[in-house]
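Working notes, beginning with the structure itself.
The values are calculated or read from the model by the stated rules, or taken from the named source; none is laboratory data. These numbers were taken from a predicted model, which means no experiment stands behind them. Using ideal geometry, Cβ is built from the backbone for each residue, glycine included, and neighbour counts are taken over all protein chains shown.
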Amino acid sequence: MASTGRFSIGVLSVSRPSETSQPRLAPGCRWGTHGEQQVVLFPEGMIRVQGTGQNILELCDGQRTVQEIVTTLSERYDAADPAKVKEDVSCFLEALQRKRIVDY
Amino acid sequence: MIPNPLALIAEITHRCPLHCVYCSNPLQLAATKAELSTAEWIRAFQEASRLGILHLHLTGGEPAARADLKDLIAGGHQAGLYTNLITSGIGITEARLARLVEAGLDHIQLSFQDSRDEPAKWIAGANGHAYKIALAQKIRQFQIAFTVNLVVHRQNLDHIEEMIEFVEQLQPERVEIAHAQYYGWALKNRDTLLPTPQQLENCLRAVEEAQIRLAGKVRIDCVVPDYYARYPKACMGGWGRRLMLIDPSGQALPCHAAGVIPGMQFDNIREHPLEWIWRESAAFQRFRGEQWMPEPCRSCDRRTEDFGGCRCQALLLTGDASLTDPVCSLSPNHHLIETARSAAESDVEQVSWSYRTNMG
């Protein structure tokens with residue numbers, strides 16, 4: 001568009017997901033591919049997801065709770081500290097909720 | 001190396017039931033009989049997908065003025081594109097919306113002119129406000145992304161807070177508060193649309209407050225009017241770099257307004273593959289990269305961020321598309337913007353618009 005000079009201002013903390021939150025992709029946000037890469041498509045663009053981010057998002061099916069996601073990931077990465085995993089998952093989901101890519 | 005485009009803006013028709021005074025369509029609109037057929041559009045979407053494009057933005061005019069909108073959405077979706085419908089909502093009933101969603105629509109972007117009925121009618125030159133509200137209330141039944149687009153300018157910015165509360169009630173995930181951009185019909189009406197500095201300041205404060213209040217519920221994006229910015233916008237993310245626009249008759253343009261630039265030849269997707277147009281056509285190469293840049297852009301650190309601003313705006317305001325966009329505070333022609341801003345501060349008693357017309 002002729003108007004691509006967008007910016008966002010003023011960001012304060014948003015509520016973190018709780019242990020019982022059931023995160024899912026927000027309406028109109030979905031998986032896609034770009035070349036070989038897995039991406040999440042949303043109205044303004046796409047994010048390339050890989051590594052931990054991809055592992056988290058793939059578990060966000062609107063059924064599993066945050067606690068279940070943390071348990072699954074902690075088990076998958078044998079040595080992972082569940083408290084640390086929970087912190088990473090919460091942070092990641094909160095950032096995506098703010099962009100309106102994830103709901104919980 | 002030329003990067004692949006990421007998005008295709010498909011202006012599927014210039015027909016529109018509204019006559020908004022800030023319409024960014026060209027003053028010379030494409031006639032209905034020149035419009036691409038359903039099959040031609042779908043072929044273009046397939047080529048776009050093969051070229052690496054991810055997003056398809058269906059716009060116009062009013063895209064719902066095309067009876068085959070559902071087929072176009074299905075064509076885009078089946079080609080693997082993320083489909084976005086940019087609409088006034090006029091002509092979309094609940095039943096039709098259900099069919100568009102069924103066809104694969106991912107996102108609807110619904111425009112509002114105002115929070116109030118009378119001013120909305122005054123700006124659009126037509127009735128449509130109540131219809132838009134009714135449609136907005138239906139959209140949430142569907143699993144698609146919903147953005148409300150609110151165009152702001154001098155005539156409505158005095159009640160920006162009310163307008164934000166109004167759009168919030170419609171429960172979109174996103175609100176885009178877009179200052180009118182001065183191309184096409186908006187440039188004709190610039191003296192009555194350009195906000196005052198006080199209005200702009202108040203608007204930014206109101207937006208910031210709303211962003212804090214609605215964080216996590218509604219994402220609010222605000223497009224700062226480039227007339228008040230220090231540096232130009234990265235128009236289209238750089239000429240021939242991210243985006244491609246196809247007009248109703250099949251001409252491929254690097255920017256909405258590029259048709260105003262004298263001497264430009266636009267190739268038509270009826271005659272050339274999309275990939276050839278992107279990589280080889282003269283129009284897409286004209287301002288690609290940095291070779292064309294004059295000073296002060298050529299030696300400026302910001303040239304890789306804003307790409308010298310908008311070529312069409314440079315043409316419209318200075319008569320030369322290859323100059324630095326005059327909205328840049330470093331442009332030797334920046335006085336043109338300062339003059340326009342001063343005019344915005346003087347009182348206009350009588351507003352007389354040029355309403356956007358329609359072609360046959």
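Quick look at the numbers
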item	result
Number of the condition not met by A:Gln22 [criteria: (1) within 14 Å of another protein chain (Cβ to nearest Cβ); (2) under 25 Å from B:Arg140 (Cα atoms)]	(1)
Some residue of segment B:249-258 being under 30 Å from B:Glu62 (Cα atoms), modelled with pLDDT of 95 or more and touching a Lys or Arg at 6+ places or on another chain (Cβ under 6 Å)	yes
All positions within segment B:205-215 that are surrounded by 17 or more Cβ atoms within 10 Å (Cβ to Cβ) and assigned to a helix (DSSP H, G or I)	B:Ala206, B:Val207, B:Ala210, B:Gln211
Subset tally (residues that are among the acidic types (Asp, Glu), more than 13 Å from chain B (Cβ to nearest Cβ) and under 17 Å from the mean Cα position of the chain (by Cα)) for segment A:74-104	2
Some residue of segment B:49-71 being touching a Phe, Trp or Tyr at 6+ places or on another chain (Cβ under 9 Å) and in a helix (DSSP H, G or I)	yes
Considering residues of segment B:325-360 that are among the acidic types (Asp, Glu) and assigned to a loop (DSSP other than H, G, I, E, B) only, the residue modelled with the lowest pLDDT	B:Glu349
Members of segment A:1-31 found to be modelled with pLDDT of 50 or more and of a type in the set (S, T, N, Q), listed by number	A:Ser15, A:Ser18, A:Thr20, A:Ser21, A:Gln22
Residue that is farthest from B:Phe142 (Cα to Cα) [pool: residues in segment B:49-96 that are out of contact with any strand residue (DSSP E or B) (no Cβ under 8 Å at 6 or more places or on another chain) and polar (S, T, N, Q)]	B:Ser49
Conditions (1) touching a strand residue (DSSP E or B) at 6+ places or on another chain (Cβ under 7 Å); (2) more than 19 Å from B:Asn84 (Cβ to Cβ); number of the one not met by B:Leu170	(2)
Within segment B:6-27, tally of residues that are in a loop (DSSP other than H, G, I, E, B) and either among the hydrophobic types (A, V, I, L, M, F, W, C) or within 12 Å of chain A (Cβ to nearest Cβ) (or both)	12
Where a residue in segment B:26-54 is among the acidic types (Asp, Glu) and its partner, wherever it lies, is buried (at least 16 other Cβ atoms within 10 Å of the Cβ), with Cβ under 6 Å and at least six apart	B:Glu35/B:Thr13; B:Glu35/B:Pro248; B:Glu47/B:Leu274
Conditions (1) closer than 21 Å to B:Ala7 by Cβ; (2) among the small types (Gly, Ala, Ser); (3) surrounded by fewer than 23 Cβ atoms within 10 Å (Cβ to Cβ); number of the one not met by B:Gly319	(1)
Only listed residue being within 14 Å of chain A (Cβ to nearest Cβ), over 25 Å from B:Ala7 (Cβ atoms) and over 20 Å from the mean Cα position of the chain (by Cα), chosen from B:Arg116, B:Arg140	B:Arg140
Residue that is under 23 Å from the mean Cα position of the chain (by Cα) and closer than 30 Å to B:Ile2 by Cβ, where the choices are B:Thr357, B:Thr324	B:Thr324
Where a residue in segment A:31-53 is over 22 Å from B:Val148 (Cβ atoms) and its partner, wherever it lies, is among the acidic types (Asp, Glu) and in a strand (DSSP E or B), with Cβ under 6 Å and at least six apart	none
Lone qualifier among B:Ala39, B:Ala64, B:Ala34, B:Ala74 - being away from chain A (no Cβ under 14 Å), surrounded by fewer than 18 Cβ atoms within 10 Å (Cβ to Cβ) and modelled with pLDDT of 95 or more	B:Ala39
Failed item, numbered, when B:Leu105 is tested on (1) of a type in the set (A, V, I, L, M); (2) buried (at least 24 other Cβ atoms within 10 Å of the Cβ); (3) within 28 Å of B:His159 (Cα to Cα)	(3)
Qualifying positions in segment B:32-57 - of a type in the set (D, E, K, R) and out of contact with any Ser or Thr (no Cβ under 8 Å at 6 or more places or on another chain)	B:Lys33, B:Glu40, B:Arg43, B:Glu47, B:Arg50
Sole exception among (1) under 25 Å from B:Leu336 (Cα atoms); (2) more than 12 Å from chain A (Cβ to nearest Cβ); (3) touching a strand residue (DSSP E or B) at 6+ places or on another chain (Cβ under 7 Å) for B:Pro248, by number	(1)
Tally, over segment A:26-69, of residues that are in a loop (DSSP other than H, G, I, E, B), within 11 Å of chain B (Cβ to nearest Cβ), surrounded by 13 or more Cβ atoms within 10 Å (Cβ to Cβ) and not hydrophobic (A, V, I, L, M, F, W, C)	4
Candidates B:Thr59, B:Thr87 - the one that is buried (at least 24 other Cβ atoms within 10 Å of the Cβ) and either within 14 Å of chain A (Cβ to nearest Cβ) or touching a helix residue (DSSP H, G or I) at 6+ places or on another chain (Cβ under 7 Å) (or both)	B:Thr87
